[in-house]
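K.L.:
Once you've had a glance at the structure underneath, I'll fire off some questions.
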Amino acid sequence: MRTLSLAVAIFALAAFFVGLKSHDVGVFLFAGAALLCAAATYLSQRISVFLRIFVAIFAVETILFGVAYLAEQLGFWPEAYADYSLPSSLPLTVALFGSFVYAVSFVPVIRKMTNIADPYFHERAATVARIWPLGPFTVAQNRLATAALVFLIVINQVEVALDVRLSFFSRDFYNAMQEKNLTEFWHQLFFVFLPFASLLITSLVVEYVVTSTFVIRWRRWLTGRYIGRWLGGGAHYPMALAGSPADNPDQRISEDIYGYIYGGGAGTGLYGYSVTVLQTLTSLVSYAIVLWDLSSTFTLPGVSLVIPGLLFWIALVYAALGTVVTHLIGRSLIRLNFQQQQFEANFRFGLARLREYSEQIALLRGERVESDKAMGRFEDIYDNYMRIVHVRKRLRVFTSAYDQISQYFPIIIGAPFYFAGKIQLGALIQVARAFGNVNTSLNFFVSQYIGLADFKAVLDRLTSFDETIERAQHVISHEHGIRLAASTSRDLSIDDLELDLPDGRNLARVKSFAFAADEPTLLMGPSGAGKSTLLRAVAGVWPYGSGTIGEPKANLMLLPQRPYIPIGSLRDAIAYPASSDDIADDAIRDALLKVGLPALVDRLDDN
């Protein structure tokens, strides 16, 4: 990043000297923006790696697009390619974005987002990838992820550039129609619209394929990471003991990870928002400059007064009004969406327990009570959902009216100038298109408010899940009171064992005891005396207490009070917790015969 920042700084100085020669204010603006981008690039070594990728892209593009821009300013751009020159606003846009990304990296909610994303872009483990028309190849995970993200960012910017170029096509195309210039009409249609529209369509298809692949690979890696942190080292058990605030870990992993990356329901996800916001801001700056330039032709009727950037300021005020009203109407959605997910999960969990304890409920004749409780939990869903409907109804009324007015507002603004002969039809069409794009960009918050509320709820749930896992891992790594020591004896010995509850209260004391090999031992005591907790300590999953447990050199198996049969085949269930791949079928069949289950010998593949 240091070398890149130096290159951008040198290029900014070169642009400054070009500005001195051309006396163009736009070149000086670009030189200043490039210097800011150079500083942001240098300082970005200390920010999120996910955001650093964006800064690096903008720094490189500042140089590349700047070269094309300066070449045109100096008259070096070939006249034969005049129709294919870059929009003058593009190099300034990317230079400003380098500084913008660095600035937003310090916003707390942005840090919360990138804390979850960064590990994927740090992962150096090898993975297999396939890029058409090449065959499969091995590459580091972080390199592949970075390359895919860079490609998607660049192709989104290309799409904005193509769209801006097509806005100039609209101007020239409709001007040709107004002037009845048939030659120019066909030239614009076949030599401008056709190639640029074809490029835009191709880029959209390629973007879809690469995005889909990138998202599912990211989800696979992040799912594996969360499952590993949740189950690895037994963190899931201390989470349950401590009464984890991260309810329903299954939902966090199965739904919220995908929602975080790419969205779910009305949401969009980190990738969608980061790239969409980038595309939106690129479109905003590019079209804002176009709108600003077009304003120079808008002199107020009856006078020669020109208000600099008149159309842009109108679009800004119009969009700001929509944003403020939308926030005031829908600000409660974040809290309501979070609660809705929580109520849905509680209802689903309750139904799963009914299925799990069906026999017990039947024997106790508890169907009526369970039915009332289930419907009571659904009432929470119903009441909260109706509150969401009420808020969204008001939001829908405003946004629908706002969208309808937005279609014709720029035409209404530009029509007096058109009828007064101040501008041509093509300019009016370009004004409408530029105004619409600026308004859409500024109204990103309005159009995405519901999705942003959903995304914030997903982010909060994943963050709380992360924090709970970290607390559980802290308990495992710092509670060294009960020590498991290897023993040369065949007996399992216990010395000076103190069993405590998670809140620190003492549950039981065992001065000296041994489970003798080859001898059955019966543990007796009242309920709550610590019998099950003693066995948990022997298994090494109870971190609270002190003392020493001497383990013999043998495989220990402790059967839980509640029977557990893993999902899978009979072979998998018999081998558990070992993998069925590690045990020969003959050994499994022999074990079934020894315990008197010959009928199951030929059913190892049954689920």
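K.L.:
Of all residues in segment 114-136, which are of a type in the set (D, E, K, R) and closer than 21 Å to LEU459 by Cα?
P.N.:
ASP118
K.L.:
When the residues of segment 153-211 are narrowed to those that are among the acidic types (Asp, Glu) and within 40 Å of the chain's Cα centre (by Cα), which ends up nearest to PRO133 (Cα to Cα)?
P.N.:
Among residues in segment 153-211 that are among the acidic types (Asp, Glu) and within 40 Å of the chain's Cα centre (by Cα), the one nearest to PRO133 (Cα to Cα) is GLU207.
K.L.:
Could you pull out the residue among ALA40, ALA71, ALA34 that is farther than 30 Å from TRP218 by Cβ, part of a helix (DSSP H, G or I) and in contact with a Gly (Cβ under 7 Å, 6 or more places away or on another chain)?
P.N.:
Residue meeting the stated conditions: ALA34.
K.L.:
Let me confirm something: among SER332, SER400, SER358, which residue is among the hydroxyl-bearing types (Ser, Thr, Tyr) and touching a residue at least 40 places away in the same chain (Cβ under 8 Å)?
P.N.:
Exactly one residue qualifies, and that residue is SER332.
K.L.:
Here are some residues: PHE11, PHE30, PHE58, PHE65. Which one is within 25 Å of LYS112 (Cβ to Cβ) and touching a residue at least 24 places away in the same chain (Cβ under 8 Å)?
P.N.:
PHE58
K.L.:
Let me ask another. With respect to the numbered conditions (1) touching a residue at least 40 places away in the same chain (Cβ under 8 Å); (2) within 30 Å of GLU179 (Cα to Cα); (3) of a type outside the set (Ser, Thr, Tyr), which one is the sole condition not fulfilled by ILE412?
P.N.:
Of everything listed in (1) touching a residue at least 40 places away in the same chain (Cβ under 8 Å); (2) within 30 Å of GLU179 (Cα to Cα); (3) of a type outside the set (Ser, Thr, Tyr), ILE412 misses just condition (1).
K.L.:
List the pairs whose first member sits in segment 169-198 and is touching a residue at least 40 places away in the same chain (Cβ under 8 Å), whose second member is assigned to a loop (DSSP other than H, G, I, E, B), and whose Cβ atoms are under 7 Å apart, counting only residues at least 6 apart or on separate chains?
P.N.:
Taking only residues 6 or more apart or on different chains, the pairs are ASN175/GLN424; GLN178/GLN424.
K.L.:
Does PRO502 fit the bill of being assigned to a loop (DSSP other than H, G, I, E, B) and within 38 Å of the chain's Cα centre (by Cα)?
P.N.:
yes
Conditions tested, residue by residue: (1) of a type in the set (Lys, Arg); (2) crowded, with 20+ Cβ neighbours inside 10 Å; (3) touching a Ser or Thr at 6+ places or on another chain (Cβ under 9 Å).
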| residue | (1), (2), (3) |
| --- | --- |
| MET177 | no, no, no |
| ASN181 | no, no, no |
| TRP186 | no, no, no |
| THR213 | no, no, no |
| THR223 | no, no, yes |
| TRP230 | no, yes, no |
| ALA240 | no, no, no |
| SER283 | no, yes, yes |
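K.L.:
For segment 475-499, which residues satisfy the criterion of being over 42 Å from the mean Cα position of the chain (by Cα), part of a strand (DSSP E or B) and among the β-branched types (Val, Ile, Thr)?
P.N.:
ILE494
K.L.:
Still on this model: Regarding PHE28, is this residue modelled with pLDDT under 90, assigned by TED's automatic domain parsing to the domain that holds PHE97, buried (at least 16 other Cβ atoms within 10 Å of the Cβ) and farther than 16 Å from LEU96 by Cβ?
P.N.:
Answer is no for this residue.
K.L.:
Is it true that LEU484 is over 30 Å from ARG603 (Cβ atoms) and out of contact with any helix residue (DSSP H, G or I) (no Cβ under 8 Å at 6 or more places or on another chain)?
P.N.:
So LEU484 fits the description; yes.
K.L.:
Give the residues of segment 106-138 that are surrounded by 15 or more Cβ atoms within 10 Å (Cβ to Cβ) and part of a strand (DSSP E or B), sorted by residue number.
P.N.:
Listed by number, the residues that qualify are THR127, ALA129.
The values are calculated or read from the model by the stated rules, or taken from the named source; none is laboratory data. All values reported here derive from a predicted model rather than from experimental measurement. Here the Cβ is made from the backbone with ideal geometry for all residues, glycine too, and neighbour counts use every protein chain on show.
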